[in-house]
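S.K.: Handing you this structure, nothing more for now.
The values are calculated or read from the model by the stated rules, or taken from the named source; none is laboratory data. All values derive from a computational prediction rather than experimental measurement. Virtual Cβ from ideal backbone geometry, glycine too; neighbours counted across all protein chains shown. What goes into the accessible areas is simple: the full protein's heavy atoms, side chains included, and nothing from ligands, DNA or RNA. Shrake-Rupley method; radii C 1.70, N 1.55, O 1.52, S 1.80 Å.
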Amino acid sequence: MISPLLANVYFRRFILAWEKFGYAKRLHAKIVNYADDMVICCRPGSGEQAMVLMSGLKARLGLSVNEEKTALVKLPEQSLDFLGYNLGRQYDRHGKVYIGTQPSKGAMKSIIGKIHDETTVNMTWDTVERRIAELNSIIRGWAGYFDQGSVLKHYRILQRYTERHIRRWLVRRRLLCGISLGFWGCCWRAARESLTSCGWKVSSTWIRSPTQMLEHCGWTQHGACRAVSLVLAAPMGLLLLIHPGAMVASDGRYSHGLLMLVMWGVCAGFMHGVSFLPAARSLRWATYPPLTWSLLAMGYVMLINIQFNTAWL
């Protein structure tokens with residue numbers, strides 16, 4: 001929020017100085033800017049002079065020019081990218097050349113990357129309805145911005161890519177659900193589908209995958225349950241951070257594997273205690289509260305055992 005605001009303030013000074021010194025009338029140049037992006041539109045033959053005047057005026061105002069992003073572009077022989085649009089040579093349906101806009105390659109790469117991230121195998125835990133709603137929100141916002149110029153071709157590319165990745169996501173989700181149900185769950189699903197095709201009504205509320213079982217354990221999301229995780233994890237975490245030697249026996253022996261399990265319990269306890277719910281199934285099971293509490297209890301037993309033996313020695 002602050003950077004675009006300051007950029008507008010400084011560019012206003014630049015534009016006022018450009019008008020005051022008469023550069024706009026002399027070169028017939030008009031400035032178009034948004035935040036810290038700017039384009040100076042000039043007539044043919046005056047671009048080099050406009051770049052020199054722009055650099056000198058910015059230096060007087062204490063502004064610097066990004067040489068890597070600054071270039072002289074001659075339309076329609078060349079094209080430029082500005083605010084996600086590519087401005088350059090376009091052709092109408094009759095083959096006539098005109099200067100127009102279309103989504104830039106960077107804009108297409110960005111939206112395709114977002115669709116890819118929303119349909120990866122890591123998102124198979126989510127429901128179909130929420131995935132479709134999320135994709136619709138992303139695509140609708142992108143299409144609402146890129147609705148000027150030649151966009152139909154890009155819409156078709158985006159549509160084909162989205163449909164293909166949704167099909168892949170559905171297939172992966174189906175396969176992973178079958179794997180998570182296990183052998184007997186798959187047998188039950190096949191029997192249920194066979195009976196349903198014969199006209200039977202079979203309830204499937206009792207057959208659940210491990211992820212569904214985890215989601216239906218609502219008691220793990222209660223505030224008291226999360227408070228238990230924090231109360232157990234906070235002292236152990238502070239102890240390991242401030243005085244890790246307390247977990248080492250008097251003769252210097254310690255179990256590296258057990259300490260790693262205790263650290264796992266501390267991390268999982270903090271994650272559960274602050275209401276962080278991982279998206280990946282493996283991380284959900286790794287931070288399951290009963291498992292977390294068991295690891296933390298093991299850590300406290302180790303601490304008491306070490307301290308008790310040390311006291312007697």
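S.K.: Tally the residues that are exposed (fewer than 15 other Cβ atoms within 10 Å of the Cβ) and either outside any loop (DSSP other than H, G, I, E, B) or in contact (Cβ under 8 Å) with a residue 60 or more places away in the chain (or both), restricting the search to the stretch 236-248.
M.R.: Final tally of qualifying residues: 6.
S.K.: What number of residues in the stretch 260-290 are assigned to a loop (DSSP other than H, G, I, E, B) and under 19 Å from Leu239 (Cα atoms)?
M.R.: Qualifying residue count, the stretch 260-290: 0.
S.K.: So, one more: Taking Ala280 as meeting all but one of (1) at pLDDT 85 or above; (2) among the hydrophobic types (A, V, I, L, M, F, W, C); (3) open to solvent by less than 40 Å² (accessible area, probe 1.4 Å), write down the number of the exception.
M.R.: Only one criterion in (1) at pLDDT 85 or above; (2) among the hydrophobic types (A, V, I, L, M, F, W, C); (3) open to solvent by less than 40 Å² (accessible area, probe 1.4 Å) is unmet by Ala280, namely (1).
S.K.: Right, something else. Kindly indicate whether Arg130 is within 21 Å of Ala280 (Cβ to Cβ), modelled with pLDDT of 80 or more, open to solvent by 50 Å² or more (accessible area, probe 1.4 Å) and among the basic types (Lys, Arg).
M.R.: yes
S.K.: Scan the stretch 115-124 for residues that are over 20 Å from Ile157 (Cα atoms) and buried (at least 16 other Cβ atoms within 10 Å of the Cβ) and jot them down.
M.R.: Listed by number, the residues that qualify are Met123, Thr124.
S.K.: Here's something else I'd like to know. From the list Trp293, Trp285, which one is more than 30 Å from Arg173 (Cβ to Cβ), open to solvent by 60 Å² or more (accessible area, probe 1.4 Å) and either touching a His at 6+ places or on another chain (Cβ under 9 Å) or touching a residue at least 40 places away in the same chain (Cβ under 8 Å) (or both)?
M.R.: Result: Trp293 is the single residue among Trp293, Trp285 that is more than 30 Å from Arg173 (Cβ to Cβ), open to solvent by 60 Å² or more (accessible area, probe 1.4 Å) and either touching a His at 6+ places or on another chain (Cβ under 9 Å) or touching a residue at least 40 places away in the same chain (Cβ under 8 Å) (or both).
S.K.: Another question about this same structure. Just the residues that are closer than 14 Å to Ser150 by Cα and open to solvent by less than 60 Å² (accessible area, probe 1.4 Å), please, taken from the stretch 75-91.
M.R.: Gly84, Tyr85, Asn86, Leu87, Gly88, Gln90
S.K.: Same structure, new question: Please determine whether any residue of the stretch 130-146 is on the phi < 0 side of the Ramachandran plot, acidic (Asp, Glu) and in contact with a helix residue (DSSP H, G or I) (Cβ under 9 Å, 6 or more places away or on another chain).
M.R.: Yes, that holds for at least one residue.
S.K.: Only one of Ser64, Ser104, Ser110 is crowded, with 16+ Cβ neighbours inside 10 Å and without any contact (Cβ under 8 Å) to a residue 60 or more places away in the chain; which?
M.R.: Ser104
S.K.: Taking strands (runs of 3 or more DSSP E) that fall entirely within the stretch 1-110, which contain at least 2 residues that are of a type in the set (Phe, Trp, Tyr)?
M.R.: 85-91
S.K.: A follow-up question, please. Would you mention how many residues in the stretch 290-313 are within 30 Å of Thr127 (Cβ to Cβ) and modelled with pLDDT under 85?
M.R.: Of the residues in the stretch 290-313, 0 are within 30 Å of Thr127 (Cβ to Cβ) and modelled with pLDDT under 85.
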